[in-house]
Each structure stands twice: as structure tokens, then as C-alpha cells.
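Student: Encoded as C-alpha cells, here's the structure I'll be asking about.
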Amino acid sequence: MLKRWIRDQRGSFLIQTVILFPVMILLVGLVLDGGWMYWQYRRTEVMVNAAAQAASHAIDINHFRSTDQVRLHRGQATGIANNFIQLNRRGHITLTGVRVRADQITVNATATIPTIFFRLAGIPSLTVRVEGKAYPAFGINYEGQ
């Protein structure tokens with residue numbers, strides 16, 4: 001009777017399903033959460049780069065008029081980047097820093113991204129750091145150009 005029970009194939013599909021179903025659900029959850037996380041990360045990255053680009057247009061006009069050298073106005077560039085982030089943050093992006101040099105602005109931010117399936121494992125959200133850089137006034141050589 002034992003040999004007959006070992007050779008019997010009835011119920012094997014049920015056993016395979018019981019074993020593979022949680023693995024399948026886990027993979028679907030990883031794909032969905034991974035896609036959602038990547039989409040939110042790219043959205044944040046584009047916004048931070050746009051904030052840096054908008055701030056890179058804050059040129060110190062007086063310095064440019066006297067020396068014909070393009071240099072960022074520190075106060076204006078920082079204010080523009082901060083305002084851009086605040087207007088477009090959609091509740092999940094926090095500005096963590098703005099560094100302004102004469103020839104470059106760097107905007108740092110963090111985004112808190114809520115999870116879907118990871119929430120079932122006790123991970124309600126993940127935080128990512130994003131950095132955007134921009135350079136001022138590419139192509140300007142003299143006033144009025």
C-alpha cells in the first residue's frame with residue numbers, strides 16, 4: 001500500500017500550488033513595488049533637476065556687467081530652488097540642502113515613497129536621496145546676448 005501511495009500522482013498539483021503561490025505573490029509584489037518606487041524616484045529626480053535648472057538662471061547681473069563673467073547670485077539661486085521644491089513637492093519631497101558655487105548649483109532632496117506590498121511586511125515607506133546639478137547661463141558671452 002505504501003508503494004501505491006508513493007506512485008499516486010493525485011494531489012501533486014495542489015502541493016505545487018501551495019508551494020509556488022506565495023512565491024508568485026512575492027514576485028508580483030516586488031515587481032509592483034519596484035516599478036512604483038522607480039517611477040516615484042524618477043519623478044523626484046526630474047523635479048530636483050528642474051529646481052536646479054531654474055535656480056541656475058539667477059545670475060549676478062552686477063558682477064556680469066563689470067567683469068563679463070557669469071556667476072550665480074547665491075541668495076536668489078537658493079530662494080528659487082527652495083520655492084520650486086515647495087511648489088512642486090506634492091507632499092513627499094523635502095529639500096535637504098542647496099549648495100551654490102560661482103559656476104554650479106547643487107540641490108539635494110529626500111523623497112519619502114509609500115509602499116504597497118512592502119507595507120504587509122511592516123515597511124510602510126522608503127526614503128531615497130536625490131541630487132540635481134545645473135550650471136548657469138550656458139552660452140552667454142556678453143551682455144544682451
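The values are calculated or read from the model by the stated rules, or taken from the named source; none is laboratory data. Nothing here was measured: the structure is a model prediction, and the numbers come from that model. Positions of Cβ are generated from backbone atoms using ideal geometry, with glycine treated the same way; all protein chains shown enter the neighbour counts.
Student: What are the residue pairs meeting all of these: first residue in the range 29-41, first residue more than 10 Å from I116 (Cα to Cα) and touching a residue at least 60 places away in the same chain (Cβ under 8 Å), second residue among the polar types (S, T, N, Q) and assigned to a helix (DSSP H, G or I), Cβ atoms under 8 Å, and 6 or more apart or on different chains?
Tutor: none
Student: Another question, then. Checking the condition of a type in the set (D, E), surrounded by 15 or more Cβ atoms within 10 Å (Cβ to Cβ) and free of Cβ contacts under 8 Å to residues at least 40 places away in the same chain, which residue from D103, D60 passes?
Tutor: Going through D103, D60 in turn, just one is of a type in the set (D, E), surrounded by 15 or more Cβ atoms within 10 Å (Cβ to Cβ) and free of Cβ contacts under 8 Å to residues at least 40 places away in the same chain: D60.
Student: Do the conditions hold for D68, that is, is it crowded, with 16+ Cβ neighbours inside 10 Å and among the acidic types (D, E)?
Tutor: Spelling it out, it is not the case that D68 is crowded, with 16+ Cβ neighbours inside 10 Å and among the acidic types (D, E).
Student: One residue is enough: does the range 54-77 have a residue meeting the conditions in contact with a helix residue (DSSP H, G or I) (Cβ under 8 Å, 6 or more places away or on another chain), under 30 Å from P124 (Cα atoms) and modelled with pLDDT of 85 or more?
Tutor: Looking for residues that are in contact with a helix residue (DSSP H, G or I) (Cβ under 8 Å, 6 or more places away or on another chain), under 30 Å from P124 (Cα atoms) and modelled with pLDDT of 85 or more, one finds none in the range 54-77, hence no.
Student: Step by step: first the residues of the range 71-100, then only those that are in contact (Cβ under 8 Å) with a residue 12 or more places away in the chain and assigned to a strand (DSSP E or B), then the one that is surrounded by the most Cβ atoms within 10 Å (Cβ to Cβ). Which residue is that?
Tutor: Only one residue tops the list, namely L72.
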